[in-house]
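One structure is given below, encoded as structure tokens.
The values are calculated or read from the model by the stated rules, or taken from the named source; none is laboratory data. Fair warning: this is a prediction, and the values are worked out from it, not measured in the lab. A quick note on method: Cβ atoms are made from the backbone with ideal geometry, for glycine too, and the neighbour counts reach across all protein chains shown. For the accessible areas, the whole protein counts, side chains as well, though only heavy atoms, and no ligand, DNA or RNA atoms are used. Shrake-Rupley method; radii C 1.70, N 1.55, O 1.52, S 1.80 Å.
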Amino acid sequence: MPNSTFTVPLFWFLLLLPGTALCHRLRLWNREAGIMSLVGLGYLTSFAALSPLSLLGYATHAPIVAFSAAIASAVGAGAAYWMWIVVRYRERFHLPSALRNADTWAGGLVIALLAVDMAAAFNHGGHQGGDAVYHIARIRHLVDHGFNNWDIFFRERYFARIYHTNLYHALLAGAVKLTGQQEYVVWLCTHAWAKLACASAMYHLGWVVFQRRALSWCAAAAVIISYITKDLLLYPNQIGYAWLGVLTLAAGVHYAMEPDSWRAVAAVAMTSWVTAQVHALYALFGAMMAAPVLVVALARNLHRTRSARRVLKPLLALVGLGLCLPFVAIAAREPAEPAGRPLPAVHPLDGLGADELLALGVRGKDARIQREKNPGGKLDKPRRQVLPAPPASRYITEVGNRRVVKSKGRFRIPDSNGFLTIVMLLAGLLLRRQAQFGYLLVALGALCMYMFFPPLSELLIARTGGSGWIMGRMPAYIGPFTLLCMPAALLFWLPRSLDRWLAPLLVAGAIAVNWGPPGRKRSNRNFEQLGRASLVGAAGTKARRQHGEHARRLAELMQAGSVVIARDKAIPFLATHHDLFFVAAADRRTAPGISNKRRRQDDQRIMMQRRADVRTRAKLMQYYDVRYVHMHHNGKRDRMRRRLKRRFGPFMRRLAQLGNETVVELDPKKVRLIAEKGESKEP
């Protein structure tokens with residue numbers, strides 16, 4: 001393929017073909033729902049169809065090239081199926097009759113808005129800092145080493161349980177191979193696809209609830225406007241609730257309304273299965289949200305009839321919803337020993353006393369120092385988040401970074417949008433399609449109980465080891481309820497004959513409200529995003545070339561697979577540019593549970609500081625097999641060069657500077673000689 005960033009959107013468009021072909025062939029899609037519903041279900045089905053190949057690749061450590069070939073074969077099969085459908089049935093689209101359709105005008109406005117939003121997302125690109133650096137490095141690691149669940153920062157191959165067997169990362173790595181683009185370019189260009197996936201999912205949920213295309217288009221417009229300035233939408237946790245979470249809720253409500261439909265059972269199983277391979281935590285949240293809906297549907301079926309056939313499918317739906325649990329259990333288990341070559345059993349500093357370790361810069365809470373200072377006493381353990389004891393008349397619950405204080409026995413939602421959503425759902429019970437609104441209330445009520453009912457939320461936080469940030473992710477699921485109900489509630493009580501005129505006006509009004517004077521601050525961000533050039537757009541050609549040149553220079557200076565000493569802030573960015581490993585990584589996205597993580601940080605600090613003697617530094621370098629030292633000098637090149645020569649001169653093979661970065665290559669023979677004899681051959 002030509003070296004153009006447009007190949008990445010083309011990849012995501014072609015990935016839709018096998019999923020839509022399966023939906024059409026297996027009748028997983030209701031034709032009355034429209035093409036937008038087919039888009040959301042088509043991507044879900046494509047992910048589900050490719051997931052067995054991804055799991056097989058992780059099990060056998062297959063190269064990404066094999067998975068890329070499987071993607072290309074699936075796309076070819078989907079294209080062949082649709083060509084066969086067109087040739088056999090010769091279905092024609094009559095434009096005049098379609099324009100007279102009551103839903104077309106609202107749909108046209110929404111599609112135009114979505115096209116502008118996707119163009120802006122493609123030009124601006126997704127978020128480039130924060131967690132995006134880890135995901136880009138993870139994609140590069142898959143491209144370089146094939147399918148694996150190893151931590152990307154350490155050569156010992158610790159098990160990275162948070163994103164284990166991740167299908168989303170595998171698809172992005174396959175896109176790198178098929179498009180010929182760099183990893184970070186594929187990541188940034190995927191932002192436009194995330195916009196489409198989230199809008200199509202909300203449209204599908206609107207159709208399941210309202211069974212009216214006009215209201216579904218209104219719900220999709222609300223999502224587009226709400227997420228138009230959000231550049232984090234392509235993160236696995238974001239699409240985990242904004243796309244897959246919405247589809248999970250839609251599958252639960254669809255099954256509750258059609259308990260005899262195998263199509264609904266398959267949708268429940270697919271959403272749980274795919275979400276678990278994108279982000280296991282959000283798969284668990286989606287199951288916690290949809291499980292009460294399925295339980296209520298099961299009780300409703302049992303109340304109507306005692307037939308075994310009426311009970312079989314609800315049980316199968318619950319089993320399908322539980323397909324995510326094995327992935328969640330693996331993500332929550334204790335880490336195992338590294339799969340690669342382990343470090344030597346004897347550490348170079350094991351024979352030193354507490355005073356000597358403190359003089360070298362080892363932390364006072366280190367276990368070696370504690371054993372000598374407090375023989376027979378308790379060791380200082382890392383602090384864990386502990387919930388305070390509630391007073392007699394009040395509950396105290398920590399949700400993320402917030403402390404929610406409740407009076408004992410009271411129930412309140414401290415969120416105006418959530419309260420407004422519940423009011424709209426209750427109003428829907430007085431109108432048509434009361435059952436759908438009732439099931440939505442069951443799901444939203446379950447979420448509110450998990451988050452804001454003090455005994456239950458305290459129990460969940462305690463079960464997660466006191467990690468309040470985990471529960472702090474759950475309020476994101478209230479957003480889809482609000483976006484679904486707020487725009488559609490204005491039209492739901494009106495007859496269908498008015499959809500032709502009021503639906504386009506409602507969509508236009510929603511755009512004006514969000515971009516007009518009431519949302520002036522957001523409006524400025526919208527137009528700034530539309531006019532801003534980044535690494536993806538045409539103005540970013542120079543930046544992409546500089547990024548590629550920097551990666552090429554690093555590949556020339558550093559051998560792939562080498563261990564590097566670098567500062568904490570530079571480690572994730574180096575991992576995105578080249579195949580490197582590190583002595584220590586203070587980054588919170590490293591594999592959790594590594595037993596020697598704190599010791600690694602102490603050892604790297606000793607190797608970098610002045611007070612360590614040459615032989616101690618050489619022993620640590622030999623222990624970790626360090627080959628390079630990377631430093632960022634912020635323009636003070638000569639000063640950094642002198643500092644590195646003073647500290648690493650006896651081991652240095654060569655020193656090279658790349659812009660504001662300095663790379664020192666170490667000689668393994670000199671390191672080994674000084675570590676053993678304390679001297680170097682060179683004067």
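When 4, 272 are compared by accessible area at a 1.4 angstrom probe, the order from most to least is 4, 272. Classify the range 156-292 as rounded, prolate or oblate, taking a ≥ b ≥ c as the square roots of the eigenvalues of its Cα gyration tensor: rounded when a/c is under 1.5, otherwise prolate if a/b is larger than b/c and oblate if not. Oblate is the answer for the range 156-292, as a/c is 1.5 or above yet b/c matches or exceeds a/b. Cα centroid separation, the range 26-57 to the range 106-176: 20 Å.
For the range 618-657, the list of trypsin sites (Lys or Arg not before Pro) that fall in a loop by DSSP and count at most 16 other C-beta atoms within 10 angstrom reads 636. Shown are 484, 16, 22, whose ranking by accessible area with a 1.4 Å probe and every protein chain present, most to least, is 22, 16, 484.
At 1.4 Å probe size, with every protein chain present, just tell me what the per residue accessible area of the range 1-63 comes to in Å².
Numbers: 2870 Å² over 63 residues.
Accessible area per residue, the range 1-63: 46 Å².
In the structure shown, the pairs 645/669; 645/670; 636/677 are assessed against 23 Å; a Cα-Cα span above that value is assigned to 636/677. Computed from backbone phi, the HN-Hα couplings of the range 248-265 come to 5, 5, 5, 5, x, 5, 4, 5, 4, 7, 10, x, 8, 8, 5, 4, 5, 4 Hz, rounded to whole numbers (Karplus: 6.51 cos²θ - 1.76 cosθ + 1.60, θ = phi - 60°; Gly and Pro given as x). Length gained on full extension, residue 667 to residue 296, computed as 0.36 nm times the residue gap minus the Cα-Cα distance: 126.7 nm. Over the range 139-262, with every protein chain in place, what whole percent of the accessible area is carbon and sulfur at 1.4 Å, could you tell me? Ligands and nucleic acids excluded, carbon and sulfur reach 50 percent.
Full extension of the chain segment joining residue 570 with residue 261 gains 105.9 nm, where the gain is 0.36 nm per residue of separation less the Cα-Cα distance.
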